[in-house]
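To keep things clear, I will list the structure first and then write my remarks on it.
Every number here is computed from the coordinates shown, using simple stated rules; none is lab data. Keep in mind the model is a prediction, meaning the values are calculated, not measured. Cβ placement follows ideal geometry from the backbone for every residue including glycine, while neighbour counts extend to all protein chains displayed.
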Amino acid sequence: MSAPIIEIDGITKSFGSFKVLDGLSMKVMPGEKLALIGPSGSGKTTILRILMTLERIDGGHIHVEGEQLYHVTRGDDLVPADERHLAKMRQKIGMVFQLFNLFPHKSVIDNVTLAPMLTKGVARAAAEKRAMELLDMVGMADKAKSMPSQLSGGQKQRVAIARALALSPKIMLFDEVTSALDPELVEEVLNVMRRLAEETDMTMLLVTHEMGFAHDFADRVLFFDRGRIVEEGKPDDIFRHPKQERTQTFLRKIIAAGHRV
Amino acid sequence: MEWDWNFVWQIMPTMLQGVKITIIATLLGSALAAVIGLVIALLRRSPNRIVSRSVGFAAEFIRGTPLLVQLYFIFYVLPDIGILLSPLVAGVIGLGLHYGTYTAEVYRAGIDNVPRGQWEAAKACNLGPTQTWTHIIMPQAIPPMIPALANYFIAMFKETPLLSAITVLELMNQAKSIANSNYRYIEPITLVGAFFLVISLCSVFLLRWLERRYGRIES
Ligand SMILES: Nc1ncnc2c1ncn2[C@@H]1O[C@H](COP(=O)(O)OP(=O)(O)O)[C@@H](O)[C@H]1O
Ligand SMILES: [Mg+2]
């Protein structure tokens, strides 16, 4: 068995006096598709944001591909990582946000080419060629010259996925990428993610309330409550035969709220 | 006293000379204020508390004291410590510094207006701090700021007569010296008013246009 690509070891995170994560540990294997589910406020987004280095941790350790994410060794000591180390580690990870966060002043194709050109020194022609391939994959090639404001939510999110893929990350984080969409636009984004899951060996962490999609997409489902993993297992086990009462209650509520399982 | 058109034509070249200096002072002062405002706004965001606090204090101090006093200080007091400036240079520095503390607030608001998600997307795209500022944040922050900045530049323009206090030969100063040597005030001072009015009106039209042109950019 190969080594985990992500290893989270006893991390803690507080906002003010509110402890969101309290000694969370988990492992993710290379290529694994992981669904993080759980009630709102249980810390799912915070975990993804920590992996993307948008939040610092207060304690514990994270390894990505065997390398410390937030620490570097200096001599015999483990010291907090500097910006250079974080920038290096970030290359391994991409993120798609709930509210798309496209760059509104840049055209669709410029959104996708910007980071490869700036951070990897890719020439414009090469960056645009690759961007068009990615836009084609997410079904947005015909909108390459459009501005984000001219797109629907579903289209924006597909561009955002292409933008994240342009940096060829090994790990992709998806934070409720369909929650801000009108119901009729959800499927087009989920289809893109299905393709990604099938056609790439990227490691994918997905926070979602789309239980049906999580069931089909994930190799493993983690149920979170109050910053802890309450239950984890194969999608069938979690969704059809949840053992923990909190998982059962959560799934009942979410089905009552109209989500398919 | 009768209005004398002959006198008007006679003094016109000198007055236009003054208009030219007034416009130059305003343009240079605006450019300087735009740069100083940006520098202040960025330094005030510095994670280093000492830097952000002291820049903040200095900016409050400059904004809280009259421009006239600052002009006197730059032109008449700085020479005591060996800094000799020509009147126009001293005037432009005074205008730029004073209005820079105002434009800093415009920059601050413009920068704060860029959603947090843009910073996060930039980070997720692995852009460095400088790349984030120049490619993501400023291009979004600046267009909505332009009308507010232009407003300050028009206000600055109307305050340029203060430069006469440090012997800059701008419009007001030219008018005063014409008046004093000819014992006639009505034509030069009326012309000053007329010039300011015309230029102000033009600027207001420009401002309206800028406001239409640079409404916010939507996300
Ligand atoms: N920047 C922040 N400042 C203060 N509290 C926060 C911040 N981010 C998240 N929280 C709090 O942390 C808890 C977990 O948030 P989050 O990770 O977004 O949960 P989830 O994604 O599972 O809904 C919530 O109670 C939220 O209010
Ligand atoms: Mg969330």
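For A:VAL230, the shell of other residues with beta-carbons less than 12 Å away shows a net charge of 0, using +1 for Lys and Arg and -1 for Asp and Glu. Would you compute the Debye intensity of region B:116-210 from its alpha-carbon atoms alone, equal scatterers and no solvent, and pass along log10 I(q)/I(0) at q = 0.13, 0.21, 0.22, 0.24 Å⁻¹ to two decimals? The Debye formula, applied to the Cα set alone, gives -0.64, -1.00, -1.04, -1.12. Binning the alpha carbon pair distances of the protein assembly as shown at 20 angstrom intervals from zero yields the distribution 20, 40, 25, 13, 3, 0, expressed in whole percent.
Taking the Cα centre of chain A as reference, the dipole from Cβ charges on Lys and Arg (+1) and Asp and Glu (-1) amounts to some 420 debye. Across all C-alpha atoms in region A:1-114, the radius of gyration and Dmax reach 15.8, 48 Å.
Considering every alpha-carbon pair of chain B, the percent of pairs per 10 Å bin, from zero through the bin containing the longest distance, is 8, 27, 29, 21, 11, 4, 1, 0.
When you count the other C-beta atoms within 10 angstrom of each residue and take the mean per peptide, A:124-130, A:138-144 line up highest first as A:138-144, A:124-130. Which of the listed residues, A:PRO148, A:PRO80, A:THR46, is farthest toward the dipole's positive end in chain A, when Lys, Arg count +1 and Asp, Glu count -1 at the beta-carbon? Going by the Cα projections, it comes out as A:PRO148. A simple spin-label model places pseudo-atoms 7 Å from Cα toward Cβ; at B:ARG63 and A:LYS27 they are separated by 5.6 nm. Dividing the summed helix terms, -39500 (n - 2.57) for each DSSP H run of n ≥ 4, by the number of residues in chain B produces a 222 nm estimate of -25000 deg cm²/dmol to the nearest 500.
Neighbours of A:ILE57 by Cβ distance under 11 Å: Lys/Arg scored +1, Asp/Glu scored -1, total 0. Rank B:VAL35, B:VAL168, B:VAL92 by mean-square fluctuation in a GNM of chain B with C-alpha springs under 10 angstrom and give only the top-ranked residue. Greatest mean-square fluctuation among the candidates belongs to B:VAL35. The relative contact order of region A:158-229 comes to 36 percent, based on Cα pairs under 8 Å that sit 6 or more residues apart. Per residue of peptide B:133-143, the mean number of Cβ atoms on other chains within 10 Å of the residue Cβ is 2.
Determine the sum of side-chain charges near A:SER2: Lys and Arg each +1, Asp and Glu each -1, restricted to other residues whose C-beta is under 15 angstrom from that of A:SER2. Overall, the nearby charge balance is -3.
Charges were assigned to the Cβ only: +1 to each Lys and Arg, -1 to each Asp and Glu. The resulting dipole of region A:37-113 about its Cα centre is roughly 280 debye. Highest GNM mean-square fluctuation among B:ALA121, B:ALA41, B:ALA155, for chain B modelled with Cα contacts below 10 Å: B:ALA121. Across peptide A:111-120, the mean count of Cβ atoms from other chains lying within 10 Å of each residue's own Cβ comes to 4.
Listed here are the pairs A:LYS33/A:LYS253; A:LYS33/A:LYS129; A:LYS106/A:LYS145; A:LYS92/A:LYS145; which of them are more than 18 Å apart at the Cα? Exceeds cut-off: A:LYS33/A:LYS253; A:LYS33/A:LYS129; A:LYS92/A:LYS145.
Farthest toward the positive end of the dipole of the protein assembly as shown, out of B:SER52, A:ALA166, B:LEU71, is the Cα of B:LEU71, where the dipole comes from beta carbon charges about the Cα centre.
Reducing region A:193-261 and region B:35-98 to their Cα centroids gives an inter-centroid distance of 59 Å. Where a ≥ b ≥ c are the square roots of the eigenvalues of the C-alpha gyration tensor, would you call chain A rounded, which needs a/c under 1.5, or, failing that, prolate if a/b is larger than b/c, or oblate? Taking the square roots of the gyration eigenvalues as a ≥ b ≥ c, chain A is oblate. If one computes the Cα centroid of region A:73-105 and of region A:113-188, what distance in Å separates the two points? About 20 Å separates the Cα centre of region A:73-105 from the one of region A:113-188.
Phi angles of region B:66-77 translate, via the Karplus equation with coefficients 6.51, -1.76, 1.60 and θ = phi - 60°, into HN-Hα couplings of x, 4, 4, 4, 5, 4, 4, 4, 5, 8, 9, 9 Hz per residue; Gly and Pro are given as x. Taking the average, over residues, of other Cβ atoms within 10 Å as the packing measure, peptides B:173-180, B:70-77, B:197-204 rank B:173-180, B:70-77, B:197-204 from highest down.
Per-residue mean of foreign Cβ neighbours for B:115-122 is 5 (Cβ atoms of other chains, 10 Å radius).
Just checking the listed ones, A:GLY121, A:GLY75, A:GLY227: in the Gaussian network model of chain A with Cα springs under 10 Å, the one fluctuating most is A:GLY75.
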